[in-house]
Each structure stands twice: as structure tokens, then as C-alpha cells.
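A quick write-up on the structure given underneath.
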Amino acid sequence: MPQNASSLPVAQIAQLLDVPEESLRALIAARGGDQGDTTLVGLTVAEAARRLGIGRTKMYEYVSSGAIHSVKIGSLRRIPAEAVGEFLSRHHQVTDFDTAA
């Protein structure tokens with residue numbers, strides 16, 4: 001059964017990571033605590049955009065152009081979780097991230 005961020009055993013995690021519990025709690029608070037459900041198979045456009053670190057508008061551009069695969073489920077638009085990784089792999093091959101501009 002998944003635990004939410006407020007029920008995580010932060011003290012135990014901090015001990016295992018060998019970091020002060022206060023530092024770990026501060027990091028969780030700074031990141032907003034709720035990072036979404038990483039087990040989702042079909043992501044909303046907003047969730048997929050957040051995973052890539054881009055805005056929803058840019059993600060809709062990629063979906064509309066077919067650059068990132070999406071499916072309709074009834075009236076809902078979903079992006080398969082693996083499509084995000086595939087998009088990054090293809091984009092990495094097209095764009096050379098290894099050289100500085």
C-alpha cells in the first residue's frame with residue numbers, strides 16, 4: 001500500500017542515508033513534498049511536462065506534432081510513461097547535449 005509524503009518514515013530514511021533528519025525534512029519541504037505518483041502508466045499532459053521539466057504548452061506542442069506519443073482514453077488525453085523516456089532518447093540523438101553551445 002503506497003504511503004503519502006506525510007507518512008514516510010523520514011527519521012529512518014535520514015538515518016539510512018546518514019544525513020540529519022532536519023536537512024532531509026527541509027529538502028522534502030523545498031521540493032513541495034508531493035511529486036506525484038511515479039507508478040502511473042498513463043500520464044496527463046501536465047504530469048509528463050513536469051517529468052521533463054517543461055511547460056504544459058510546450059508539451060501540447062510535442063503531442064500535437066506527434067513528437068511524443070499520446071493516446072485518447074474516452075475524452076482524456078494520456079501520455080504513456082515510457083513515451084517520456086523514448087522522447088528523451090530520440091531528442092538526445094537529434095540534439096547534441098554533450099557539446100557546449
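If the condition is being touching a helix residue (DSSP H, G or I) at 6+ places or on another chain (Cβ under 6 Å) and closer than 16 Å to Val41 by Cα, then region 58-76 contributes Ile68, His69, Ser70. Note on region 43-70: among residues that are within 9 Å of the chain's Cα centre (by Cα) and among the small types (Gly, Ala, Ser), the one that is surrounded by the fewest Cβ atoms within 10 Å (Cβ to Cβ) is Gly53.
No lab work stands behind these numbers, since they all come straight from the coordinates. What you see is a predicted model; the values in this text were computed from it and never measured. Don't worry about glycine lacking a Cβ; one is built from the backbone with ideal geometry, like all the others, and counts go over all protein chains shown.
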